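Chemist: The following block contains the structure, expressed as structure tokens.
What follows is calculated from the coordinates using simple rules that are stated; it is not laboratory data. Computed from a predicted model, the values in this text were never measured in an experiment. Neighbour counts run over all protein chains shown; Cβ positions are idealised from the backbone, glycine included.
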């Protein structure tokens, strides 16, 4: 089965944004709006073939987008030419995560989100359990200014690690990772290489 035949979770855009009354561009960190949009996703999410979802802006694909932090540093990765989607080669990214799948027996959308997030992090990174402090919700990401963004909504969180924590990428032939300070990420030479969602995140980091 090709990746476009994978069955993923989606939610109707009209419901997610209540007929555009909740729409925003970039990162939104307002607790009330986050709560309302997440409630809409929980109430209306369904399954769809990924290839169909990628072509249908009437649906939003919820994507966990987890930023790994260590004091004032962020773990940044670069997709190498050997791996993944060509449009992202040599781009820098801060977010780990991916499409969500149905979880049989899950009690709530929150549980579905947590289990999908845990799976994605475990597939991509090696992090010692004792180095993990907590995961904090930062907001939601929406980008309707390009065709890829139009069909996704990011659920943004930060996994905070202990000082000196070690993180390793598992797919070394496809991804190279390193720690960078927030001030480095804001430098134009680095910022300009960040994928759009990551630029949105850097804009809210202090």
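Chemist: Please give the contour-minus-distance gain from residue 47 to residue 180: 0.36 nm per residue of separation, less the Cα-Cα distance, rounded to one decimal in nm. List each step's numbers first, then the result.
Modeler: On the way: separation 133, 0.36 × 133 = 47.88 nm, distance 3.70 nm.
Difference between extended and current length: 44.2 nm.
Chemist: Working out 0.36 nm times the residue gap between residue 4 and residue 80, then minus their Cα-Cα distance, what length gain in nm do you get to one decimal?
Modeler: Numbers: separation 76, 0.36 × 76 = 27.36 nm, distance 2.15 nm.
Gain on extension, residue 4 to residue 80, equals 25.2 nm.
Chemist: Right, something else. May I ask you to derive the relative contact order of segment 114-206, considering only C-alpha pairs under 8 Å and at least 6 residues apart, and to give it as an integer percent? Don't skip to the answer; put the middle values down first.
Modeler: On the way: 81 pairs, mean separation 24.5, N = 93.
Across segment 114-206, relative contact order equals 26 percent.
Chemist: How many angstrom lie between the C-alpha centres of segment 19-68 and segment 92-143?
Modeler: One Cα centre to the other: 15 Å.
Chemist: Give the angle, between 0 and 90 degrees and rounded to the nearest 10, that separates the Cα long axis of helix 31-44 from the longest principal axis of the Cα atoms of the chain.
Modeler: Helix 31-44 sits roughly 50 degrees off the main axis of the chain.
Chemist: So, in nm, how far is label residue 187 from label residue 162 when the simple model puts each one 7 Å beyond its Cα toward the Cβ?
Modeler: 3.0
Chemist: Given a Förster distance of 30 Å, report the FRET efficiency between residue 39 and residue 148 from their Cβ-Cβ distance, rounded to the nearest 0.05.
Modeler: 0.75
Chemist: Sticking with this one: Say R0 is 30 Å: what FRET efficiency, to the nearest 0.05, do residue 206 and residue 24 get from their beta-carbon distance? Provide the component values of the computation, followed by the final result.
Modeler: Working: r = 20 Å, r/R0 = 0.67.
Once the sixth-power term is evaluated, E becomes 0.90.
Chemist: Is the shape of segment 1-91 best called rounded, prolate or oblate, per the rule: a/c under 1.5 gives rounded, else a/b larger than b/c gives prolate, else oblate, with a ≥ b ≥ c the square roots of the Cα gyration tensor eigenvalues? Mind dumping the intermediate values first?
Modeler: On the way: a/c = 2.31, a/b = 1.18, b/c = 1.95.
Taking the square roots of the gyration eigenvalues as a ≥ b ≥ c, segment 1-91 is oblate.
Chemist: Does a label point 7 Å from the Cα of residue 72, set along Cα-to-beta-carbon, have any residues of segment 132-161 with amide nitrogen under 16 Å, and which are they?
Modeler: None, by backbone N distance to the label point.
Chemist: Could you tell me whether segment 92-206 comes out rounded, prolate or oblate from its Cα gyration tensor? Rule is a ≥ b ≥ c as square roots of the eigenvalues, rounded for a/c under 1.5, then prolate if a/b exceeds b/c, otherwise oblate. Intermediate results must be reported in sequence, preceding the final value.
Modeler: Values: a/c = 1.65, a/b = 1.14, b/c = 1.44.
Since a/c reaches 1.5 but b/c is at least a/b, the shape of segment 92-206 is classed as oblate.
Chemist: For residue 108 and residue 14, what is the calculated FRET efficiency with R₀ set at 25 Å and r taken between the beta-carbons, to the nearest 0.05?
Modeler: 0.65
Chemist: Right, here's the next one. Normalised by the number of residues in the chain, what is the relative contact order in percent for Cα pairs under 8 Å and 6+ residues apart? Let's see the in-between values first.
Modeler: Values: 378 pairs, mean separation 56.3, N = 206.
After rounding, I find 27 percent.
Chemist: Related question: What does the C-alpha gyration tensor say about the overall shape of segment 33-154? Classify as rounded when a/c is under 1.5, otherwise prolate if a/b is larger than b/c, or oblate.
Modeler: Working: a/c = 1.60, a/b = 1.14, b/c = 1.40.
It comes out oblate by the Cα gyration axes.
Chemist: Quick one: of the DSSP bridges fully inside the chain, what percent are antiparallel, nearest 5? Please report the intermediate quantities before stating the final value.
Modeler: Numbers: 33 of 45 bridges.
About 75 percent, rounded to the nearest 5.
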